[in-house]
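One structure is given below, encoded as structure tokens.
The values are calculated or read from the model by the stated rules, or taken from the named source; none is laboratory data. Worth saying up front: this structure is predicted, and the values here are computed from it rather than measured. Here the Cβ positions follow ideal geometry from the backbone for every residue, glycine too, while neighbour counts run over all protein chains shown. SASA here: full protein model, heavy atoms, side chains in, ligands and nucleic acids out. Shrake-Rupley method; radii C 1.70, N 1.55, O 1.52, S 1.80 Å.
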Amino acid sequence: MRAWTISEIGGELRCTDVSKPGLRGGGALLEVLAVHVPAYTREVVSGRRNYSFPAPAILGPGCLGRVEEVAADVFNVRPGDLVLNTALLDAGRVDDPQEILVGWTGVGWDGTPSDETRAMQAAWRDGACAEFALAPKESLVTLSGAEEYPDPARLAFLGWLSVAAEGLVRAGQGPGHVVTIVGATGQMGTAALLVALARGAARVVAAGRNRSTLDELAQLDRRVVPVALTGDRAADAAAILGAGGGSDIVLDALGMVPGPDATMAGYDSLRPAGTMVLVGGVRHELPLPYGQIMRRRQTILGSWMAGPSTVLTVWELVRAGLIDLDVLDVRRVSLDDPGAGLRTAAESTGPHFAALVP
Ligand SMILES: NC(=O)c1ccc[n+]([C@@H]2O[C@H](COP(=O)([O-])OP(=O)(O)OC[C@H]3O[C@@H](n4cnc5c(N)ncnc54)[C@H](OP(=O)(O)O)[C@@H]3O)[C@@H](O)[C@H]2O)c1
């Protein structure tokens, strides 16, 4: 089969012929239908993101697939099922969590790779950027009825929608809340916006830099209020406050920004008893005001990836028409030219995303 392989982090991503994976205990063999190629995949391949995975390997991260065969000890998916493969594998130790994203990264208890995450990656080495993928059962969620969905490539975006939904669920988003999304102009921000609307937000303040993407987001629903970020914390906070009248929930979905100011402008709009959830890729310490958080009973929390029940809820929102994936612009890329695929991904943001369709 053909696959996107990388011989070392920082090396070139190539389309190569490799053996189709064999089935083994705890796994399911998938025909890969579509992979969402994140906008920042080039940074993962180049090593700029400092992700950790063994190489050589087939690049991850997850896919929409059709189950071809399951091992004798796998009961959560069946041959023929359409599944979302989240790539998330948890070692299952409650006292010492160890998690990996197959073909992408690993995170031990202290937030960095550990001997255990490296061993898990050695056991489940290859990701899903290929014609077929072997996936651990824990990362698979059956999407009942998805065989009738007219354009499976769109369903590859369920992964980002699920990550965003997990953040909003953890933050306790309820109907009627004002939700501010910092970095709404990215793909994760747009995913969060679609989920927040579907979950009954009264208003979604979409804060981001890119004005043409903000215009596109504002067209999606009359509850969306765009705010163009300037980089000045006080000015941005005032604009977010003016647009939403104070945020019940702030979800930060920024990428690798130069500093914490945009995140803190979101925090500055948080109401008493409000919650800020950090989902993005910011790599800076936040100057959090202890007294404000204490007196105003606010919550700051993090959210990583998504569990199976959140994935299922998101799929049901799509199935019910509460999230309309037709608003997304899917840019199909093929296995043949990984360089072009990575370029397309990097140029896609907001409601535009690259889907690898083998
Ligand atoms: N928590 C999790 O489980 C999880 C899962 C997947 C991804 N992530 C993280 O989510 C982050 C966002 O992913 P994505 O797919 O949305 O990436 P993306 O499409 O590249 O979006 C990046 C966002 O960051 C903004 N941004 C970049 N540089 C900026 C700057 N200098 N000032 C202000 N804004 C800036 C962009 O704004 P403009 O477009 O307006 O310039 C855009 O809104 C990633 O970095 C990733 O680490 C987290």
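Taking the criterion of being of a type in the set (A, V, I, L, M, F, W, C) and either touching a strand residue (DSSP E or B) at 6+ places or on another chain (Cβ under 9 Å) or surrounded by 14 or more Cβ atoms within 10 Å (Cβ to Cβ) (or both), the residues of segment 230-251 that qualify are 237, 238, 239, 240, 241, 243, 249, 250, 251. Here 329, 337 are screened, and the one residue that is away from the ligand (no atom under 16 Å from the Cβ), over 29 Å from residue 111 (Cβ atoms) and open to solvent by 40 Å² or more (accessible area, probe 1.4 Å) is 337.
For the residues 267, 290, the requirement of being buried (at least 24 other Cβ atoms within 10 Å of the Cβ), modelled with pLDDT of 95 or more and more than 10 Å from the ligand (Cβ to nearest atom) singles out 267. For residues that are of a type outside the set (A, V, I, L, M) and more than 8 Å from the ligand (Cβ to nearest atom), scanning just segment 246-261, find the one that is nearest to residue 193 (Cα to Cα). Filtering first and then ranking leaves 252. Filtered by the rule that a residue be out of contact with any Gly (no Cβ under 6 Å at 6 or more places or on another chain), surrounded by 15 or more Cβ atoms within 10 Å (Cβ to Cβ) and small (Gly, Ala, Ser), segment 294-306 gives a lone residue, 306.
Residue pairs whose Cβ atoms lie under 8 Å apart, sitting 6 or more positions apart in sequence or on different chains, and linking a residue in segment 44-65 that is at positive phi to a partner that is surrounded by fewer than 18 Cβ atoms within 10 Å (Cβ to Cβ), are 47/10. I'm checking my understanding of the structure. Among residues of segment 270-287 that are open to solvent by 50 Å² or more (accessible area, probe 1.4 Å) and out of contact with any strand residue (DSSP E or B) (no Cβ under 9 Å at 6 or more places or on another chain), which one is nearest to residue 241 (Cα to Cα)? It comes out as 272. Filtered by the rule that a residue be open to solvent by 40 Å² or more (accessible area, probe 1.4 Å) and either away from the ligand (no atom under 13 Å from the Cβ) or acidic (Asp, Glu) (or both), segment 170-220 gives 172, 175, 176, 177, 199, 202, 203, 215, 216, 219, 220.
Pairing residues of segment 195-211 that are assigned by TED's automatic domain parsing to the domain that holds residue 167 with residues that are acidic (Asp, Glu) and open to solvent by 10 Å² or more (accessible area, probe 1.4 Å), at Cβ distances under 9 Å and at least 6 apart in sequence or on separate chains, gives 197/221; 201/248; 202/248; 204/221. Restricting 254, 325, 301 to residues that are hydrophobic (A, V, I, L, M, F, W, C), over 24 Å from residue 236 (Cα atoms) and touching a residue at least 60 places away in the same chain (Cβ under 8 Å) narrows the list to 325.
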